[in-house]
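Visitor: The following block contains the structure, expressed as structure tokens.
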Amino acid sequence: MREEEIEKLRGVVRDCVTKHLYSSAIFFSDKVAAFTNDPADIYMQAQALFLGRHYRRAYHLLNASQIVLRDLRFRYLAAKCLEELREWDQCLLMLGEAKVDEHGNVYDTKASNALYLDKYGEDREIDISSAICFLRGRAYEALENRVQARQWYKAAIKADPLCYEALECLIENHMLSNEEETSLVSSLHFGPEDGWLSSFYSCLIKKYDKEYVVEAKFKELEKESCSSNSSDSSFKCSLKNNTDLLACKAEYYHQCGEYQKCFELTSKLLEKDPFHLKSTLVHLAAAMELGHSNELYLMACNLVKDYPQKALSWFAVGCYYYCIKKYVQSRSYFSKATSLDGTFPPAWIGYGNAFAALEEGDQAMSAYRTAARLFPGCHLPTLYIGMEYMRTRSYKLGEQAKSICPSDPLVYNELGVVAYHMKDYTKAIRWFEQTLACIPSPLSEMWEPTIVNLAHAFRKLKLYDEAISYYEKALALSSKSLSTYAGLAYTYHLQDNYTAAITYYHKALWLKSDDQFCTEMLSIALVDECRSSIDAA
């Protein structure tokens, strides 16, 4: 067969791959490789077999070739076959020996003399060494060696900043702290044309900076635009409405406690792209906080139908049952999510919370500790461990999450509760004020208990005017809180303002007519008012 005819057959193979006709691609690539015995054609045949999911056959073909240990593309594809076959130790052996330090620097590799002949010259490529580092990270993570996995993922993104999958694993699996993520992104060597990518990565990592710093990052990225080549020079495309960017923004709103704003944004995103899973996860979290059980039910049904093998789907079912307070059922579905994907952080948190809701503290602590071990960069397991310690009156053990996430208002709120229970009311006031300082204005009803707690702390210090001020702020957020009316009434009572005290005791009893404290204090206030009237006369 002439060279021109063979080249035409190669074109047929490439076209079959483009059209996803993998059996045809396997058939014709096999004939081309038989005619030429060229390593490039053998590699093309192995690629067709891999894409057709014939992993064992593809691996055998690559391993039988004489070039597999000298050409990195052969070795990498053979290792990818072993990855699909879940033979992780063999996968690492195929990739060769190499060492990496805690900063992601690779050294002492024996693959330095290997060739890489798969360069086409026209398209920009991701460095093969970066792909190999990433695959090593995947293998170590599957072998539950998360320390090595973290180091190889860092090596992958440092070898080539375009290897987004490595950064995604580090972020989604909470392998790094906020400071480590920031340091890693700042250490990457982006090309002159990749300024937008640097900005995008800075939006993807944990957003624990001040509000104006985070907002500035989003605005900078939204300004990135690309002019069209059309005659209309005014036509420009930008990242302003990009789904990934808006999902990051929704995540930030959720972190700040702006759940309604977050829910509205994710609702729009899911109308535009109903299968964007990152938006879906944030949407579920916001719906949980807002108590939208109907939305959770619909989302769970759709996810189980479309993605029955994904942990996210069964996590959504667990969220629905948790929202309607059926904690036993929610626990079983969170457990199913963890069994499908043991590296899915929300499922472990939900699993612990379901136990905690039933006051099964030992099992809750076990789930939280597992999450803290698996996801060292996530502050929520530590926070919930602290909350569980508080529930069991072990207050001094509850102060450990702040160092991981110094900007989460919930952390400061819980520290305030710890100080309040330890009767350090001055410290409690400082923590509650720090909580409110971390929350964007205007405050939502969710933070009404924090304001009430702050008022209680002021009352304990006999700063009655300040206490009354914060009770009134709490009533502006929620007018149906028994504790707010009771606290306000009691504060007026302590000021000897019996008329106001009686009024607010009545309002509290209107919400709960059998409240023992308000009933007894109302009787005392009525007696005190009578005595003061007699004394005045």
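The values are calculated or read from the model by the stated rules, or taken from the named source; none is laboratory data. Computed from a predicted model, the values in this text were never measured in an experiment. Neighbour counts are summed over all protein chains in view; Cβ atoms, including those assigned to glycine, are modelled from backbone coordinates with ideal geometry. To get the accessible areas, we keep the full protein, side chains included, count just its heavy atoms, and leave off ligands, DNA and RNA. Shrake-Rupley method; radii C 1.70, N 1.55, O 1.52, S 1.80 Å.
Visitor: Under the condition of being more than 19 Å from S478 (Cβ to Cβ) and surrounded by fewer than 17 Cβ atoms within 10 Å (Cβ to Cβ), which residue from the stretch 435-460 is modelled with the highest pLDDT?
Guide: Result: K460.
Visitor: Given the conditions (1) open to solvent by less than 20 Å² (accessible area, probe 1.4 Å); (2) touching a residue at least 40 places away in the same chain (Cβ under 8 Å), and given that E258 satisfies all but one, which numbered condition is not satisfied?
Guide: Status for E258: all satisfied but (1).
Visitor: Does S23 count as modelled with pLDDT of 90 or more, among the hydroxyl-bearing types (S, T, Y), surrounded by fewer than 21 Cβ atoms within 10 Å (Cβ to Cβ) and not assigned by the TED database to the domain that holds E181?
Guide: So S23 passes the test.
Visitor: I need every pair where a residue in the stretch 149-161 that is assigned by the TED database to the domain that holds C91 has its Cβ under 7 Å from the Cβ of a residue that is among the small types (G, A, S) and open to solvent by 10 Å² or more (accessible area, probe 1.4 Å), sequence separation at least 6 or different chains.
Guide: So the pair list comes out empty.
Visitor: For the stretch 371-396, how many residues meet the condition of being part of a loop (DSSP other than H, G, I, E, B), at pLDDT 85 or above and open to solvent by less than 20 Å² (accessible area, probe 1.4 Å)?
Guide: Qualifying residue count, the stretch 371-396: 3.
Visitor: Within the group N173, N229, which residue is crowded, with 19+ Cβ neighbours inside 10 Å and either modelled with pLDDT under 85 or among the polar types (S, T, N, Q) (or both)?
Guide: N173
Visitor: Residues that are closer than 24 Å to Y425 by Cα: list the helices (runs of 4 or more DSSP H) wholly contained in the stretch 460-537 that include at least 3 such residues.
Guide: Fully inside the stretch 460-537 and qualifying: 464-477, 482-494, 516-536.
Per-residue answers, yes or no, for (1) touching a Ser or Thr at 6+ places or on another chain (Cβ under 8 Å); (2) without any contact (Cβ under 8 Å) to a residue 60 or more places away in the chain; (3) of a type in the set (S, T, N, Q); (4) within 27 Å of Q260 (Cα to Cα):
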position: L303; (1), (2), (3), (4): yes, yes, no, yes
position: F315; (1), (2), (3), (4): no, yes, no, yes
position: L340; (1), (2), (3), (4): no, yes, no, no
position: F344; (1), (2), (3), (4): yes, yes, no, yes
position: G361; (1), (2), (3), (4): yes, yes, no, no
position: R369; (1), (2), (3), (4): no, yes, no, no
position: M387; (1), (2), (3), (4): no, yes, no, yes
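Visitor: Can you find, within the stretch 278-292, the residue that is farthest from S444 (Cα to Cα) among those that are touching a His at 6+ places or on another chain (Cβ under 9 Å) and not acidic (D, E)?
Guide: Among those that are touching a His at 6+ places or on another chain (Cβ under 9 Å) and not acidic (D, E), it is V282.
Visitor: A further question on this structure: Taking the residues in the stretch 1-10 that are over 14 Å from A40 (Cβ atoms) and free of Cβ contacts under 8 Å to residues at least 12 places away in the same chain as candidates, determine which candidate is nearest to the chain's Cα centre (by Cα).
Guide: It comes out as K8.
A quick yes/no check of all residues on (1) of a type outside the set (S, T, Y); (2) closer than 24 Å to E125 by Cβ:
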site: K31; (1), (2): yes, no
site: F50; (1), (2): yes, yes
site: S65; (1), (2): no, yes
site: D71; (1), (2): yes, yes
site: Y76; (1), (2): no, yes
site: M94; (1), (2): yes, yes
site: K99; (1), (2): yes, no
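Visitor: Quick check, is E165 touching a residue at least 24 places away in the same chain (Cβ under 8 Å), among the acidic types (D, E) and open to solvent by 50 Å² or more (accessible area, probe 1.4 Å)?
Guide: Answer is yes for this residue.
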